[in-house]
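Structure first, commentary second.
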Amino acid sequence: MTVKKQRYDIPPYSEGWFQVGWSDQLARGELRQLNHFGRTYVLFRGMNGKAAILDDICPHLGAHFSEGGCVKGNSVRCPYHHWAFDGAGACTNIPYSKSIPVKAKTRSHTVAERYGMIFMYRNKAGTAPTYELPSIDNFDPEDYSRPKTFEFKINIHGQDIMENSVDSPHFAAVHGHSMPVNTFRSEGSELWISQDASVRRFGTTLKFRLEFHMIEPGFHYVHFPDMPGPPSHVFSSIVPVDETSVIHRLTLRVKKTRPKLVSHIARRFIMWQMMRTYHEDMQIWETKEYLKHPVLCDGDGSIMKLRNWYRQFLDPEEGESPKLRVLPS
C-alpha cells in the first residue's frame, strides 16, 4: 500500500484568537456549525444577544447540536432528547427529568465580539486565554464605510498565506507589480512590516505603501495609508479547518468621504485589485509543495523572517511546555 506523503511537516494548527464569523450574520436565536481545527463546534446567539461556542456534541447520547438543534432562550437545545445547554456549557433543562446530572456539561470556548466580528480563543490544551482579544491600533469602525467581507476555503497551511505577503519577488512575477521593499520591526510577539511598491494601472504608475501588523495567525491586518484615494484597511484571519485546509476571512473597509461616491469608488477599486491578486495566488497555493528548507537567494530574506515569527504560534509538539502569551498593554 502506498502511503501518501504528508504535505507539511509542521503542526497543522496554531494557537490564539481566530475570527469565526461576522456579528451581523448571526441573529438572536440562530445557530450554525463551525468546522475548525479538525473538529466541529456549534456557534449560537442567545436571546440575550451574547454569542457562544460549544463542542458540537451532546454529552447525553452524542447527537450534534448543529444537526437539527435550535436555540431556546440563552441555551442551545439538542435535537435528539431536547437537553439544553447554556453558553458556559452547563445543562439548563432536561424536559423529562426531575434533576440534572452533575456531569451534564459540555465544553465551552471563550468568545469575544469586536469590530463587527466574532472571535474564539483556541489552544491545544483547551484552556482559557491568558490575555484578552487583541485590538486594532488607531481604528474606529464608525470612521469607515460599510465593510465588504470575503471567506475562502483553501487547501494550504496558514503559514504559506502569511509568508506570501512578504514574498517580494512573486509580486513582480505573478501580479506584474514592482518588487516591494519590506521593512520589519518587532516588539514582543508582534511584527510590523512596511511595504513600498508600485503598479501600472490605467496608463499610469500608482505608488502605494502597505503597513502590516501581524499579531497572530488569526488576528492581523493591513493599512493602505499611502495610495490614491481615502485610507483603507483590511482585517485578516486564517483559521485551520483540518490538517490540509484553512478558511481565510477578510474584511475590507474604506474611510468615509464626502461625497460618499469617492469612498465607494475607492472600495470597488481596492476590492477588484485585491481579489485579482488573491485569485492569482490561490491557483498556486492549492498545488504548491511546502519546503521546510527552501533554496533561497539574497532577495528572499523576508520569507524566513515570517516563518520564524509564525513558529511561536504553532501547537506545541509532544513533550513541549504549553505556551504562555501576554500581549503588551
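Each reported figure results from applying straightforward, stated rules to the coordinates on display, with no laboratory input. Remember, predicted model here, so these are calculated numbers, not experimental data. Counting neighbours? That spans all protein chains shown, and the Cβs are built from the backbone with ideal geometry, glycine included.
A few remarks follow.
- Under 16 Å of direct C-alpha separation, and excluding same-chain neighbours fewer than eight residues apart, K153 reaches these aspartates and glutamates: D242, E243, E280, D281, E286.
- Relative contact order computed over the chain (Cα-Cα under 8 Å; 6+ residues apart), in percent: 19
- Each of T257, T127 has some number of other Cβ atoms within 10 Å of its Cβ, and from fewest to most they run T127, T257.
- Considering all different alpha carbon pairs of the range 16-122, the Kirkwood hydrodynamic radius works out to 13.7 Å.
- With neighbours defined as other Cβ atoms within 10 Å of a residue's Cβ, the residues W22, W272, W17 order from fewest to most as W272, W22, W17.
- Magnitude of the charge dipole, the chain, Cβ model with Lys/Arg +1 and Asp/Glu -1, debye to 20: 1080
- Working from Cα pairs under 8 Å separated by at least six residues, relative contact order for the range 123-194 is 13 percent.
- Using just its DSSP H runs of length 4 or more, each adding -39500 (n - 2.57), the chain gives a mean residue ellipticity at 222 nm of -5000 deg cm²/dmol after division by all residues.
- Exposure proxy for H248, H157: other Cβ atoms within 10 Å of each Cβ, ordered fewest to most, give H248, H157.
- Positive-end residue of Q33, T277, N138, charge dipole of the chain with Cβ unit charges: Q33
- Between the range 1-79 and the range 231-262, the Cα center-to-center distance that results, in Å: 22
- For the range 141-311, size of Cβ-based charge dipole, Lys and Arg +1, Asp and Glu -1, in debye: 980
- If the Kirkwood radius is taken over C-alpha pairs of the chain, then at 10 °C and 1.306 mPa s the Stokes-Einstein diffusion coefficient equals 73 µm²/s.
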